[in-house]
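Participant: Have a look at the structure that comes next, please.
Every number in this text was worked out from the coordinates using simple rules, so none of it is lab data. Please read all numbers here as calculations on a predicted model, not as lab measurements.
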Amino acid sequence: MYKKTFSLAAALVLLTGCSNPFDKNSSEEPAATAPPVTTEATTVPPTTLPQKKIYFRMGEDENTEPFLTSDHITDCSMEILPNDSGESDYVVNIFFDDEGKEIFAKATEEAAANNSTISTWYNQYLISVATVNEAITDGSAVISGTDMNEAAKIAGWIYECIQQPENNSNEGE
């Protein structure tokens, strides 16, 4: 619970434009922000769209029909992992419901058999491309290879797209 709270707090701090207190080069001009892209193409930061969704597709083509959407994501978190060089790696963990777990397992099995990739999209913006080596059957996915700002943005976008149950406990009071 503490890790989730910390991850969400870190994502919120970064999404609100606060600077990184751990950055040793804090006197430098902040870099322009754009959605993280793991391919050659660059994109413009997403704007508010009528319906925000995360899409998972085979390959990197935006026109490919998604096999899974954020309708099956139950939770996400950003995690900071120490690496062998003494620095930190930033990953985004995505957790699926039971139906999403089955869909993702079948898709990753197919991708591994065909030596293909799976891409993750925030609306029409590519945020991650992963080569799949084996089926992922545990009901979760990980986006890695990002810096702290990118991981926080991705976690924030995914969290924003998760179908939250409405809390009507204070209505009518």
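Participant: How many angstrom lie between the C-alpha centres of region 90-160 and region 60-81?
Facilitator: Result: 5 Å between the Cα centres.
Participant: Considering Cα pairs under 8 angstrom that are at least six residues apart, work out the relative contact order of region 80-136 and quote it in whole percent.
Facilitator: 27
Participant: Ok, one more. With no solvent and one equal point scatterer placed on each C-alpha of region 86-127, evaluate the Debye formula and give log10 I(q)/I(0) for q = 0.26, 0.30 Å⁻¹, two decimals.
Facilitator: Per q value, in the given order, log10 I(q)/I(0) is -1.04, -1.06.
Participant: Then there's this: Would you please give the residues with an amide H less than 5 Å from that of residue 136, counting only those at least 5 places away or on a separate chain, with H modeled from the backbone geometry?
Facilitator: So residue 136 has HN proximity to 108, 109.
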